[in-house]
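The structure appears right after this line, and notes come after that.
Just so it is clear, none of the values below were taken in a lab; they were calculated from the coordinates. This structure is a prediction, so every number in the text was calculated from the model and none was measured. Heads up, the Cβs are rebuilt from the backbone with ideal geometry, glycines too, and the neighbour counts pull from every protein chain shown.
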Amino acid sequence: MRLDLQTLKLFVAVYEEQNLAKAAEREHLAASAVSKRLANLEQDLKVRIFERKRTGMYPTPAGEALISHARAILGRVSQLETEISDFSTGLRGNLRVFANTSAMVQYLPGDLRSFLARHPRVNVEIEETTSPLTVRAVADNEAEIGIFGDVVQAPGLHSMVYRHDRLCLLVPERHPLGNAESLRFAQALEHEFIGTPRGSSIDTAIMQAASDLNLAVKMRMRVAGFEAIGRMVEAELGVALVPEAVARSYVDIRRVRAIPLNESWVARRLMLCVRRLDTLSPPAKAFIDHLVGRKS
């Protein structure tokens with residue numbers, strides 16, 4: 001069996017794009033050259049790794065088995081290249097991070113700015129997604145670092161605390177609850193909610209808390225992003241649970257009010273997760289050290 005790094009890189013590109021032409025464009029090669037590489041790889045492996053259909057390229061079970069190994073091999077090679085280059089040029093390399101919306105909106109911009117000021121040669125690719133998808137991305141080798149809400153479990157991964165925050169209720173300015181100094185969650189559940197995407201850490205916290213009270217959540221709609229949630233609440237379409245820092249920023253610019261909840265579960269932790277600390281690339285290790293050192 002002959003496996004070379006360029007072919008593995010092309011395999012990953014086709015797997016992720018599910019399209020031969022797009023993968024070829026991404027890797028700056030002719031589609032025919034990519035197709036030939038994949039055909040040779042299948043010949044060497046003696047198994048088909050893609051189903052070729054008119055709608056795209058779809059991995060076979062063998063292709064699904066190969067993807068995690070290919071990503072791991074390419075990741076280790078990238079780590080090797082970075083470590084060797086560190087001797088002459090300082091810290092540099094590529095880093096892929098998945099993070100939930102709470103971290104993206106509140107903390108990561110400032111932490112990234114200070115990190116990149118110290119390590120300008122590090123290229124950081126960040127993808128915003130829900131906490132469950134963040135954890136899965138790290139487990140599947142799609143990301144080196146994940147940031148997620150602690151209500152979501154991360155089995156088999158190494159986790160540590162990044163930040164602490166607290167959720168509160170965001171209500172329209174003229175809402176019946178708008179003049180309350182504080183509330184119990186059961187009082188909020190009497191009203192319709194604007195929710196975060198299904199399965200997100202905030203959605204999971206809401207559903208668990210309602211279940212503990214044997215009450216149902218009147219979920220009027222779900223939207224992605226706190227900006228959209230703030231606009232929906234301002235339009236008097238419902239109430240929403242958001243981080244206090246986000247709520248405070250909207251109180252000054254929108255016709256909304258932020259109401260504290262007298263519930264212990266609204267205090268939560270944002271977590272960092274990696275597969276293993278001892279196999280992190282130098283950029284990932286430096287970024288983890290930076291984030292943990294700045295946690296509040």
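The table below gives the values:
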quantity	calculated
Partners for Lys218 among aspartates and glutamates (Cα-Cα distance below 17 Å; same-chain residues under 8 apart left out)	Glu190, Glu192, Asp203, Glu236
Net charge of neighbours whose Cβ lies under 12 Å from the Cβ of Pro172, counting Lys and Arg as +1 and Asp and Glu as -1	+1
q = 0.09, 0.19, 0.20 Å⁻¹, segment 103-230: log10 I(q)/I(0) [Debye, one scatterer per Cα]	-0.34, -1.20, -1.28
Relative contact order, percent, segment 5-72 [alpha-carbon distance under 8 Å, six or more residues apart]	32 percent
Length-normalised contact order for the chain - Cα pairs under 8 Å, 6+ apart - percent	21 percent
Within straight-line cross-link reach of Lys46, lysines at Cα separation under 20 Å, skipping those fewer than 8 residues along the same chain	Lys9, Lys36
Compactness index (Cα Rg / 2.2 N^0.38 Å), segment 165-266	0.94
Zone of Thr60's modelled label, taken as backbone nitrogen in segment 1-31 under 18 Å from a point 7 Å along Cα→Cβ	1-3, 8, 11-12, 14-16, 18-20
Within segment 1-40, backbone nitrogen closer than 13 Å to the virtual label 7 Å beyond the Cα of Lys46 toward Cβ	1-2
Gain in span if fully extended, Ala235 to Arg118, counting 0.36 nm per residue against the direct Cα distance	37.8 nm
